[in-house]
Amino acid sequence: MLKIQVNGVHYVVGDDILKYVTKKITKLEKYIPKHARSSAHVEVFLKEFDTRGKKQCTCEAVMHLPNDMFAIEETTINIYAAVDIVEAKLKNQLRRYKQKNSNKSKTMRLIRAFKRKP
């Protein structure tokens with residue numbers, strides 16, 4: 001089970017955004033390798049600030065996995081759009097992590113390495 005912690009920095013996290021973030025991040029659980037699912041957890045920080053009179057919203061996600069950590073940050077004018085972009089970036093990072101740490105890919109790399117040797 002993926003543990004998710006959502007915090008607001010200068011932003012009040014309501015029930016609707018909490019449900020939205022939880023729904024988006026839990027979808028990523030299928031990209032986490034099975035051995036890492038029990039110890040994986042995600043911290044999401046939602047920030048809101050004004051820049052030159054315009055409202056800016058930032059979503060920062062830090063995912064902790066065994067032997068690795070991903071930190072993704074995105075700033076847009078809409079908090080929901082920022083969450084969507086962070087989710088897409090985390091998905092790409094998790095695909096690379098799973099490819100690098102799966103037993104099948106390690107086995108295939110070893111087999112190719114032994115085939116090349118004369």
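Each value in this text was obtained by applying a stated rule to the coordinates, not by laboratory testing. The model shown is predicted, which means the values in this text are computed figures rather than measured ones. All Cβ positions, glycine included, derive from the backbone under ideal geometry; neighbour counts span all protein chains shown.
Rounded to the nearest 10 degrees, the inclination of helix 103-116 to the longest alpha-carbon principal axis of the chain is 40 degrees. Axis angle, to the nearest 10 degrees, between helix 79-101 and the longest C-alpha principal axis of the chain: 10 degrees.
Here S38, S102 are placed in order of increasing Cβ neighbour count within 10 Å, fewest first, which gives S38, S102. What do you get for the angle between helix 15-26 and the principal long axis of the chain? Use alpha-carbon atoms, 0 to 90 degrees, nearest ten. Taking the Cα atoms of the chain, the angle to 15-26 is about 10 degrees. Over the chain, the reciprocal of the mean inverse Cα-Cα separation, the Kirkwood hydrodynamic radius, stands at 15.7 Å.
About its Cα centre, the chain has a charge dipole of approximately 1360 debye under the convention of +1 per Lys or Arg Cβ and -1 per Asp or Glu Cβ, with nothing else charged. Dipole orientation for segment 3-116: of the candidates T76, Q56, A113, A113 has the Cα lying most toward the positive pole (charges on Cβ; Lys, Arg +1; Asp, Glu -1).
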